[in-house]
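Report on one structure; see the data block that follows.
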Amino acid sequence: MREEGEKVPSVTFREYCKKVQEVSFRFQYLEETLKVHLAMCFEIIDLSLGDRLFFDLSYDDVENLPLGELIKRFRKYNSNKGLCKLLNDLTKERNHIAHKAYLLTEEKIKDLDVLAKEFEKVVKIRERVVEANKALYEEGRIVEALLLELNRPRLAGRKK
């Protein structure tokens with residue numbers, strides 16, 4: 001409970017639901033970014049192997065995987081331990097957003113203190129997802145640059 005006289009942040013249930021919806025979207029974006037990142041890694045491997053060894057992994061192989069499995073596979077292609085830990089920690093928070101965030105009782109919805117605390121929890125999760133998306137974007141730039149470098153000879157050959 002709040003101390004007497006302490007101001008209760010004004011949050012409506014509608015605002016809370018909008019924030020949950022936004023965080024849910026950000027998690028979907030994170031999952032899609034992981035899938036694309038893995039697909040680029042698969043393409044790098046395939047290009048590097050050429051015809052010397054058969055390799056047949058692609059976006060299709062990760063398209064329907066849940067976040068936990070995507071992170072597990074991502075760790076095998078990325079050495080950024082901090083990002084991997086952040087992603088791993090986010091799995092529990094993603095499950096909260098996906099399965100529990102909307103399930104507030106009528107009492108919790110009407111209790112401004114409880115609603116404000118739940119809202120703050122969602123805001124903190126949002127901040128962590130944004131942080132993970134930014135870090136994943138930076139990692140993706142590295143992979144994309146390598147992929148472009150590997151594709152350069154093939155692209156140059158087509159121009160002739």
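Only one of the numbered conditions (1) under 21 Å from the mean Cα position of the chain (by Cα); (2) over 30 Å from Lys18 (Cβ atoms) is not met by Leu53, and that is (1). Screening the stretch 65-160 for helices (runs of 4 or more DSSP H) wholly inside it with 2 or more residues that are of a type in the set (A, V, I, L, M), surrounded by fewer than 15 Cβ atoms within 10 Å (Cβ to Cβ) and modelled with pLDDT of 95 or more returns the ranges 112-159. Here Ser24, Ser79, Ser58 are screened, and the one residue that is under 23 Å from the mean Cα position of the chain (by Cα) and closer than 30 Å to Leu115 by Cα is Ser24. Exactly one residue out of Ala135, Ala98, Ala116 is among the small types (Gly, Ala, Ser), in contact with a Leu (Cβ under 6 Å, 6 or more places away or on another chain) and in contact (Cβ under 8 Å) with a residue 24 or more places away in the chain: that is Ala135. Taken as a whole, the condition of being in a helix (DSSP H, G or I) and without any contact (Cβ under 8 Å) to a residue 24 or more places away in the chain applies to Phe25. The combined condition, being among the aliphatic types (A, V, I, L, M) and more than 19 Å from the chain's Cα centre (by Cα), is not fulfilled by Leu34.
Of the residues making up the stretch 33-48, not a single one is outside any helix (DSSP H, G or I) and either touching a helix residue (DSSP H, G or I) at 6+ places or on another chain (Cβ under 7 Å) or surrounded by 13 or more Cβ atoms within 10 Å (Cβ to Cβ) (or both).
The values are calculated or read from the model by the stated rules, or taken from the named source; none is laboratory data. Computed from a predicted structure; not experimentally measured. Ideal geometry is used to build each Cβ from the backbone, glycine not excepted, and the neighbour counts take in all protein chains shown.
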